[in-house]
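Okay, so here's the structure we're looking at.
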Amino acid sequence: MRILKLTLITLIFSIQLTAQTAEDAVNLLEDEQGFGLRAMALGNAYTALANDYSAIYYNPAGLADVKVGQFSASLSNFNRQTDADFLGSSFSEDLSSTKFQSLGLVFPFPVVRGSFVMALGYQKIKDYENYLKIDGYNQDNNSLDFLIENDYGQSYYYGFDEQLYQRSNLVSDGNLSQWSFGMAMDFSPNFSGGFSLNLYDGNRNDNFQYSQDTLNSWNSWYMDETASPTELRFVYYKLQQKLKSEFSGFSAKVGAVLDIIPEQLKVGVAIDFPIHFKVDEKWSVSDDLGYDIIRGDDIDSLSGSYQESGNFDYLINIPFKFDVGISFKKSIFLVTASLSYRDWSQLKYDIPNDRPRENYDNLINQNQYFRDEFTAVTTYSIGGEVSLLNDRIKLRGGFKNVPSPLKELGADYNKQYISGGLGYQIDKSTIIHLTYVRGSWQGDKYYYYDAFDDDGAAPLVTSEDYVTTKILVGAQFNFR
């Protein structure tokens with residue numbers, strides 16, 4: 001007697017483990033945290049104000065405002081807390097990491113009039129860390145069944161689907177980074193423009209484990225067409241899915257800054273051209289089913305297992321992004337605000353040139369889902385800064401609101417960030433920055449553990465609340 005089916009692999013074998021689903025494709029870049037300690041302390045409201053290396057990310061035209069050479073570096077400590085409700089119980093998990101954040105060099109060239117500046121560097125702009133462990137007793141039918149062959153070679157489905165104790169464990173880590181080059185110049189005393197070129201590099205590792213055990217001798221069946229009365233009793237089922245994704249891509253950005261009132265009122269605009277990502281995935285799945293075969297007083301404890309792995313690559317095209325911002329400085333006070341617009345319904349999967357289309361039908365079909373279920377998003381940011389002790393100390397604060405790109409989700413699912421920071425000028429050439437950012441949002445998640453199709457097992461459903469904190473410390477060194 002043997003198990004004909006444990007778990008079968010499809011191209012999209014798990015919604016939470018592959019960027020081949022629409023939600024995870026958006027998550028690749030949606031709500032990127034950016035970088036720059038002053039910018040992040042001001043809620044990322046830096047489109048009009050950018051005047052250091054981080055201008056290469058927010059608005060490259062701001063580089064033209066750099067009058068002396070700059071070298072900057074920073075570190076970050078990231079913490080993510082996930083609180084989840086599952087089957088009437090509450091769970092809470094923490095995950096933290098400390099990483100190098102950014103390294104940048106800005107060099108202004110001597111010119112007769114105006115400004116001409118170049119910059120280059122490296123920065124991490126998004127983290128993918130996540131950890132959640134849940135378990136509970138499920139009295140509902142989860143529709144998971146297995147095809148079992150009897151003594152005569154005939155196959156029947158038997159459900160392992162009631163009175164279950166379920167467990168799952170999800171661990172994710174990785175980040176998305178940029179290598180950047182930028183250039184800016186003054187076109188007039190009050191107007192500057194610039195551009196930046198960015199090479200993206202990133203990775204994400206996901207490990208999902210699921211198990212279920214039968215309770216109180218449930219999930220027992222008398223098998224069909226056997227030589228003698230035979231009872232099949234399911235005992236346990238275990239599944240592990242792993243996905244390693246590597247990202248690469250290229251983008252370009254242009255921007256402009258207009259000094260409406262010199263040294264006081266500025267307006268900035270920037271455009272991110274479409275980003276073309278290539279994703280290379282290595283996936284693996286393994287599972288194990290334990291069961292008893294009972295004939296009279298004889299009990300045979302058996303198990304069956306399945307393993308498979310493979311590679312898959314594809315393209316993601318991220319649509320345009322448009323930024324506009326304004327800043328105003330009066331005496332020791334500064335206020336700044338930015339808007340960022342991107343239409344996520346225009347996001348699109350594509351096929352590498354030398355790949356057969358029939359292998360990508362499931363992937364390409366999700367482009368219609370982007371058009372139907374996603375919408376344009378406008379993110380807004382505000383920030384303020386107070387200068388003390390002749391500009392040697394600067395106190396900062398900010399707020400950012402990021403709406404969900406899914407049409408069906410309301411404002412309750414917006415991601416919101418509050419931030420604060422301190423800048424301290426040690427001497428004419430050295431500035432120390434300290435920044436704190438706290439984010440919070442909620443989400444409903446569906447964790448799938450049957451790799452079959454739409455008629456597979458009912459997913460684990462959770463309501464989750466997230467709180468992230470990031471502490472950044474860095475230094476800027478000016479030189480001539």
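A few notes on this one:
- Strands (runs of 3 or more DSSP E) enclosed by the range 333-430 - at least 2 residues per element that are among the aromatic types (F, W, Y): 333-343, 415-427
- In the range 448-464, the residues that are buried (at least 18 other Cβ atoms within 10 Å of the Cβ) and at pLDDT below 90: Y448, Y449, D450, A451, G456, A457
- Considering the range 77-121, the residues that are of a type in the set (S, T, N, Q) and either closer than 30 Å to Y137 by Cβ or out of contact with any strand residue (DSSP E or B) (no Cβ under 8 Å at 6 or more places or on another chain) (or both) include one that is surrounded by the most Cβ atoms within 10 Å (Cβ to Cβ), namely T82.
- From K428, K400, residue being closer than 29 Å to S74 by Cα, modelled with pLDDT under 95 and among the basic types (K, R): K428
- Only one of A256, A227, A184 that is within 19 Å of Y46 (Cβ to Cβ), surrounded by fewer than 22 Cβ atoms within 10 Å (Cβ to Cβ) and of a type in the set (G, A, S): A256
- Listed by position, the strands (runs of 3 or more DSSP E) inside the range 145-209 whose residues that are closer than 30 Å to G268 by Cα and not charged (D, E, K, R) number at least 3 are 164-188.
- When the test is whether a residue is out of contact with any Cys (no Cβ under 7 Å at 6 or more places or on another chain), touching a residue at least 60 places away in the same chain (Cβ under 8 Å) and surrounded by 19 or more Cβ atoms within 10 Å (Cβ to Cβ), I318 passes it.
- Flag for R342 being within 25 Å of G439 (Cα to Cα), over 25 Å from the mean Cα position of the chain (by Cα) and buried (at least 16 other Cβ atoms within 10 Å of the Cβ): no
- Summed over the range 116-159, residues that are closer than 22 Å to D85 by Cβ, in contact with a Ser or Thr (Cβ under 6 Å, 6 or more places away or on another chain) and aromatic (F, W, Y) total 0.
- Where a residue in the range 384-401 is free of Cβ contacts under 8 Å to residues at least 40 places away in the same chain and its partner, wherever it lies, is β-branched (V, I, T) and surrounded by 14 or more Cβ atoms within 10 Å (Cβ to Cβ), with Cβ under 7 Å and at least six apart: N401/T379
- Of the residues in the range 53-76, at least one is closer than 30 Å to S463 by Cα, in contact (Cβ under 8 Å) with a residue 12 or more places away in the chain and of a type outside the set (K, R).
- The single condition among (1) in a strand (DSSP E or B); (2) farther than 26 Å from Q366 by Cα that V285 does not meet is (2).
- Boolean, Y152 is out of contact with any Gly (no Cβ under 8 Å at 6 or more places or on another chain), under 30 Å from W221 (Cβ atoms) and in contact (Cβ under 8 Å) with a residue 24 or more places away in the chain: yes
- One residue alone among L29, L75 is farther than 18 Å from G325 by Cβ, among the hydrophobic types (A, V, I, L, M, F, W, C) and touching a Ser or Thr at 6+ places or on another chain (Cβ under 9 Å), and that residue is L75.
- Looking only at the range 30-67, and only at residues there that are of a type in the set (V, I, T) and farther than 12 Å from V257 by Cα, the one that is surrounded by the most Cβ atoms within 10 Å (Cβ to Cβ): I56
- Residue, farthest from M223 (Cα to Cα), within the range 113-135, restricted to residues that are small (G, A, S) and under 30 Å from the mean Cα position of the chain (by Cα): A119
- Put simply, of N203, N150, N138 the only residue that is surrounded by 15 or more Cβ atoms within 10 Å (Cβ to Cβ) and either of a type in the set (S, T, Y) or more than 32 Å from the chain's Cα centre (by Cα) (or both) is N150.
- Search result, residues across the range 220-276 that are of a type in the set (K, R), under 30 Å from D161 (Cα atoms) and within 38 Å of the chain's Cα centre (by Cα): K238, K242
- Some residue of the range 437-460 being closer than 21 Å to A50 by Cβ and either assigned to a strand (DSSP E or B) or not hydrophobic (A, V, I, L, M, F, W, C) (or both): yes
- Meets criteria (under 30 Å from K242 (Cβ atoms) and under 32 Å from the mean Cα position of the chain (by Cα)) for S309: yes
Rundown of residues vs (1) in contact with a helix residue (DSSP H, G or I) (Cβ under 7 Å, 6 or more places away or on another chain); (2) modelled with pLDDT of 95 or more, yes/no style:
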residue	(1), (2)
Q178	no, yes
G182	yes, yes
S196	yes, yes
Y200	no, yes
Y210	no, yes
T214	no, no
V235	no, no
P262	no, no
V269	no, yes
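- Helices (runs of 4 or more DSSP H) contained entirely in the range 1-82, each with at least 1 residues that are of a type in the set (A, V, I, L, M, F, W, C), more than 18 Å from G420 (Cα to Cα) and at pLDDT 95 or above: 55-58
The values are calculated or read from the model by the stated rules, or taken from the named source; none is laboratory data. The model shown is predicted, which means the values in this text are computed figures rather than measured ones. Cβ coordinates were reconstructed from backbone atoms using ideal geometry, including for glycine residues, and neighbour counts include every protein chain displayed.
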